[in-house]
Amino acid sequence: MTITLTIIFGWLLVTTIVGIMAGRNRVFSMEEYFVAGRSFGLVLFYTTAAAEIYSSFAFLGLAGWAYSRGISIVYALAYGSIAYGIYFFLGPRINRLGKTMNYVSQPDFLEDRYDSKFLGVLVAMVGVIFIIPYLQLQIMGSGMIVQLASGGAISWQTAVIISFIAAVIFVYISGLRGIGWTNFLQAIIMLFGMVSVGFLVSRHYFGGVQSMFETLHQLKPTHLTLPDTAGNGIFWYTSTALLSGLGFWMWPHIFMATYSAKSEKVVRRNATILPLYQLAMVPVIITGFAVAAKAGLDPAFGAKIAKPDQAMFVALLDSMPAWVVGLLGAGGLAASISTSSALILTAANLTARNILQKGFMPHMEDIQVAKVGRLLVPVFTAIAVAFAFLAPSMLVSLLIVGYSGITQFFPGVVLGVFTKKPTKAGVISGIIVGLAALFFFQFGGVKTPLNLQPGFVGLILNFIVVLVVSSFTKNVEPSRLERFEKALSMQEGN
Amino acid sequence: MGLTKGEKKALVFLILAILGFMPPVTIWANRVEPYVLGMPFLLFWQSFMVFVTFILMTLAYKTTERNDTK
């Protein structure tokens, strides 16, 4: 076994133990398992939120996109900022609703707000479906790290299976509290590690960041500016940044994480400081460009990168001591696995509780729901692994597919939290029209105008449909609106 | 429902932050030169805006604190 791989597996063992310790001595309950008893303070909640973001997407995907597609990756910097800004207003309200109405999952809120079982089941199903590409991304990323760290001794397929098993074990032993604590550890490694290494790679090959960019600009003159309309141009950038920025908090697992915060103040203060965390993405993006420049000058180096998303790790292996790569690989792998487990946990919970129990089998007891949820853990993971084998794709593309689906919840959530206007019929038809537009433009062979992101076009239509349909359909009964209005009056108890 | 008094004021900061990432600002920032901190201009601008967003949201936080707590 290589030094790199030894460190990676060692770290995995340590995080597993931490996960077990964190989960020990706590009574198993739905609230504890899924929202950590609503007890996360500022630091733990911050790192949980931050590590959700800092997954395979950030460690490998950003660099892969910068390496192969160029500067349009800056959409990631834009969307995070938009997302946290919106969270400042939306987050405290979701946290409050979770607390006062005892919600555990995302559909709980929508079902209750619009008095519609159907909407609850629909949102749960759509959530589960679009979690799959996000989970696939994490599992592909983990596989890539293990495969490259082994120096080719472990095949990609075997590596994917190893990360599959690790993720399932991780979910079984810890629940959200375990995820929170291990995230805290790896957030520290990734934050300090990636920032320094990101600059060191450019220095190693080119003596500095600017000389690297100047070389790259000469080699690939169009790599560092957005084209006007074609490809990943200005319109692609704008629509993708908005789609993802508005959609970020619509991810079922991130929505749920908001319930886990101890107080609204914790949520709001997080929203204020989270943008800073994104600066850690910049060195990763720079490294992606450094790989593009290096590969342009040195075809033998370029040939080592079989898939664009390997760019970051290939560069680390080529330019850094084995123990540094080991630590970073470990951080990256743990980030993927903990994000995977949050996703798996959420998909299982949504299916068992919101689809099966609430939608079809109301007589099911909570303990049975928890059991079914646990049985579903390997099932969802296996589905994502199957997609990784059958339909591999670039990590960033997978993330955008996920966003295109879950962002369709945005109109119903935001209008439902801030206004009394939307009706059940409006929100349901909005989601359906949004998804239909997404599928039409994604798979129908028709291109969107100006290369806008298909999910974004769906979102616009979704908004229009919600407003129009709500104007002539029946609103929920006044007592329900009053209950929400009372819960959401933000003046007291900040 | 709706925003509190302080939040209404704070919303201005969010709008400013979002505008910094959107056209026409992006169209203006879409260039390689000048290099700032070693980065081509568009990458620098986006990173700079992340930092600006943090400052703006801090101001938003202070604004809601001042207006909404008694």
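Each reported figure results from applying straightforward, stated rules to the coordinates on display, with no laboratory input. What you see is a predicted model; the values in this text were computed from it and never measured. Quick reminder, even Gly has a Cβ in these numbers, built from the backbone with ideal geometry, and neighbours come from all protein chains shown.
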The protein assembly as shown: percent of C-alpha pairs farther apart than 38 Å? 25
Roughly how crowded by other chains is peptide A:282-288, in terms of the mean Cβ count from those chains within 10 Å of each of its Cβ atoms? 2
Expressed as a fraction of 2.2 N^0.38 Å, the rule-of-thumb size for a compact globular protein of N residues, what is the C-alpha radius of gyration of segment A:255-373? 1.59
Estimated distance in nm for a label pair at residue A:203 and residue A:101, the labels positioned 7 Å out from Cα along Cα-to-Cβ: 5.3
With the convex hull built on the Cα atoms of chain B, state its orientation-averaged projected area in nm². 5.4
Just to be sure I understand the model, the point goes 7 Å from the Cα along the line to the Cβ. What's the resulting residue A:118 to residue A:386 distance in nm? 2.9
Across A:424/A:447; A:99/B:9; A:474/B:8; A:265/A:474; A:99/A:265; A:265/B:8, pairs whose alpha-carbon gap is larger than 24 Å: A:424/A:447; A:99/B:9; A:474/B:8; A:265/A:474
Which one, A:313, A:79, A:258, is farthest towards the positive end of the dipole of chain A when Lys and Arg carry +1 and Asp and Glu -1 on their Cβ? A:258
Charges only on Cβ, +1 for Lys and Arg, -1 for Asp and Glu: so what's the dipole of segment A:379-494 about the Cα centre, in debye to the nearest 20? 200
Toy charge model, Lys and Arg Cβ at +1, Asp and Glu Cβ at -1: the protein assembly as shown dipole around Cα centroid in debye, rounded to 20, equals 920
Rounding to the nearest 20 debye, state how big the charge dipole of chain B is about its Cα centre with +1 on each Lys and Arg Cβ and -1 on each Asp and Glu Cβ. 300
Which angle from 0 to 90°, rounded to the nearest 10, does the C-alpha axis of helix A:209-219 make with the longest principal axis of chain A? 80
Roughly speaking, what is the stretch gain from residue A:165 to residue A:13, that is 0.36 nm per residue apart minus the C-alpha to C-alpha distance, in nm to one decimal? 53.4 nm
Ordering of A:7-13, A:107-113 by packing [mean C-beta count within 10 Å, highest first]: A:107-113, A:7-13
Dividing the mean separation of Cα pairs under 8 Å (6+ apart) by the residue count of chain B yields a relative contact order in percent of 49
Anchor residue A:358: aspartates and glutamates whose Cα lies under 19 Å away (excluding residues fewer than 8 positions away in-chain): A:31, A:108, A:111, A:112, A:115, A:366
Over all residues in B:33-44, what is the mean tally of Cβ atoms on other chains that come within 10 Å of each residue's Cβ? 5
Please find the FRET efficiency linking residue B:8 to residue B:33, where r is the Cβ-Cβ separation and R0 is fixed at 56 Å, and quote it to the nearest 0.05. 0.90
Would you please state the base-10 log of I(q)/I(0) at q = 0.09, 0.17 1/Å for segment A:177-295, with intensities from the Debye formula using one equal scatterer on every alpha carbon? -0.39, -1.06
Size of segment A:363-414 as Cα extents on the principal axes (Å, biggest first): 40, 36, 12
Towards the positive end of the charge dipole of the protein assembly as shown, with charges on Cβ (+1 Lys, Arg; -1 Asp, Glu), say which of A:247, A:412, A:333 has the farthest Cα. A:412
Highest mean first, how do A:200-208, A:88-96 rank when packing is the count of other Cβ atoms within 10 Å averaged over residues? A:88-96, A:200-208
Expected integer from the mean partner chain Cβ neighbour count at 10 Å over A:414-425 is 1
How many percent of the alpha carbon pairs in segment A:47-164 exceed a separation of 23 Å? 51
Can you pull the Rg over Rh of segment A:306-432, Cα-only, Kirkwood? 1.09
Just name one of A:391, A:18, A:145: the one whose Cα is farthest towards the positive end of the charge dipole of the protein assembly as shown (beta-carbon charges, Lys/Arg +1, Asp/Glu -1). A:18
